[in-house]
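Below is one structure, written out as structure tokens; comments come after it.
The values are calculated or read from the model by the stated rules, or taken from the named source; none is laboratory data. Keep in mind it's a predicted model, so treat the numbers as computed, not measured. Cβ placement follows ideal geometry from the backbone for every residue including glycine, while neighbour counts extend to all protein chains displayed. With ligands, DNA and RNA removed, areas are computed over all heavy atoms of the protein, side chains included. Shrake-Rupley method; radii C 1.70, N 1.55, O 1.52, S 1.80 Å.
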Amino acid sequence: MVDMKEISIIGALSQSGRYRVRALTRNLESPRAKLISDLPNVTLVRGSQDNQEDLHNLFRGAHGAWVNLDGFTLGEKDELFYGFRAYEIARSERVQHYVWANIEYALENAGFDERFHCGHMDSKGRVGKFILSLGQDGMKSTLFSTGPYMDMLIGGLLVPREQPDGTFAWVNPAPSDVKLPLIALLDVGIYNLWIFDNPGKSAGMDLSVVTDNVSFAEIAETFTEITGKKAAHVTVPFEKFASMEEPYPNAFVNWVLGPDAARDNSVMTWRDNFGSWWEYWGGGITKPRDVAILDRIHPTRIRSLKDWMEKVGYSGHRRSVLKMVDDWAEKTRTN
Ligand SMILES: NC(=O)c1ccc[n+]([C@@H]2O[C@H](COP(=O)([O-])OP(=O)(O)OC[C@H]3O[C@@H](n4cnc5c(N)ncnc54)[C@H](OP(=O)(O)O)[C@@H]3O)[C@@H](O)[C@H]2O)c1
């Protein structure tokens, strides 16, 4: 399992010794919840992101809030509603500094072309705009914006497939030469510690982070350089990619709730959501990040895919990263 101390925001706040952290979870007993509660200065609070009483309870008496709603369980419509409400509830509870885990507003960046409507990105992006538009009086706010996690090369949509001849192949809809701004989870804790430590500088900011901008051709080349193994990138139509990666037939974006969960038609299908996701990132539409700011905030940050691969001992083999993937494996194992 991933090292929560190293990759989590809670881990960085806990290790600093400057913050006492209350973390929301639906299940106090899950293995990951226990790893988090074992960290110093951390307590768990049972509750759900889509329960307003739980949000009041969580924020009451807190100095700061770090909020990452999970679009992959909530779906786009609920993430919007609870995204607005979480901010409002934090203000009502007199929280001083609110950090919203943001993703850029893909639809806006793509000129409102519906091909780029990616629910799990757009819900965060819209809420981020709402939060900053309310200004800094009453409660400070900061957006912490991430693109795809570099760690998705370990466990997620960016893991290669080992071929019978030993070649590691990245097979997906992206053109080989388009660069994606990947962010290593090993570095996100430090950025967020800086945000809370420096409200005078971070308030009102959209801190958009990246570790390295890399194309799939570069990912394959770097992998070979590090491991000596053969690698390739193969561009395929989205439908072919989806037939290999869709969690189960006709899955929705909150697939982890299972095929029979109650949904209305605001919840995108996995194919529609990730079809747009690949169109967006593969289309090279995203704007460049300001790396000078990142270097100032985190001078020892990981600066390249190669450094990251060396640091994590990258092998190209799939390992656990996201909790939702573990949750689903557990659910299907016990059913
Ligand atoms: N994967 C990427 O590359 C990437 C990049 C940028 C942004 N994101 C965004 O990150 C979010 C997912 O977070 P993650 O990447 O950390 O995934 P993850 O590892 O699967 O974690 C999901 C977290 O959300 C919590 N959670 C889910 N539903 C909840 C609910 N109803 N109430 C309380 N807690 C709930 C889970 O806690 P419990 O299970 O303990 O309750 C868990 O801690 C998504 O919104 C996604 O858009 C992902």
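For the stretch 166-180, filtering for residues that are buried (at least 21 other Cβ atoms within 10 Å of the Cβ) and either part of a loop (DSSP other than H, G, I, E, B) or out of contact with any Phe, Trp or Tyr (no Cβ under 9 Å at 6 or more places or on another chain) (or both) leaves 1.
For the stretch 63-102, enumerate the residues that are of a type in the set (Phe, Trp, Tyr), in contact with a Ser or Thr (Cβ under 6 Å, 6 or more places away or on another chain) and within 9 Å of the ligand (Cβ to nearest atom).
Looking only at the stretch 63-102, we keep the residues that are of a type in the set (Phe, Trp, Tyr), and these are 66, 72, 81-82, 84, 87, 98, 100.
Remaining after also requiring in contact with a Ser or Thr (Cβ under 6 Å, 6 or more places away or on another chain): 98.
The answer is none; no residue qualifies.
Hey, among Ile190, Ile195, Ile131, Ile183, which residue is within 13 Å of the ligand (Cβ to nearest atom) and among the hydrophobic types (A, V, I, L, M, F, W, C)? Walk me through how you get there before you give the answer.
Values: Ile190 fails: within 13 Å of the ligand (Cβ to nearest atom); Ile195 fails: within 13 Å of the ligand (Cβ to nearest atom); Ile131 fails: within 13 Å of the ligand (Cβ to nearest atom).
The unique qualifying residue is Ile183.
Screening Asp122, Asp78 for residues that are under 30 Å from Ile302 (Cα atoms) and in a helix (DSSP H, G or I) leaves exactly one candidate, Asp122.
Is there a residue being open to solvent by less than 20 Å² (accessible area, probe 1.4 Å), of a type in the set (Lys, Arg), touching a strand residue (DSSP E or B) at 6+ places or on another chain (Cβ under 7 Å) and touching a residue at least 12 places away in the same chain (Cβ under 8 Å) anywhere in the stretch 129-148? No: zero hits. Residues in the stretch 284-299 that are more than 19 Å from Lys201 (Cβ to Cβ) and either in contact with a Ser or Thr (Cβ under 6 Å, 6 or more places away or on another chain) or surrounded by fewer than 17 Cβ atoms within 10 Å (Cβ to Cβ) (or both): Gly284, Ile285, Lys287, Pro288.
Can you find a residue in the stretch 164-175 that is within 30 Å of Ala62 (Cβ to Cβ) and within 16 Å of the ligand (Cβ to nearest atom)? Within the stretch 164-175 (the criterion being within 30 Å of Ala62 (Cβ to Cβ) and within 16 Å of the ligand (Cβ to nearest atom)), the answer is no, since none of the residues qualifies. Note on the stretch 17-50: residues that are open to solvent by 40 Å² or more (accessible area, probe 1.4 Å), within 8 Å of the ligand (Cβ to nearest atom) and either closer than 19 Å to Phe196 by Cα or assigned to a strand (DSSP E or B) (or both) amount to 1. Scanning the stretch 224-271 for residues that are among the acidic types (Asp, Glu) and under 22 Å from the mean Cα position of the chain (by Cα) yields Glu245, Glu246.
Would you check if Leu157 is within 16 Å of the ligand (Cβ to nearest atom) and open to solvent by less than 30 Å² (accessible area, probe 1.4 Å)? No: the conditions fail for Leu157.
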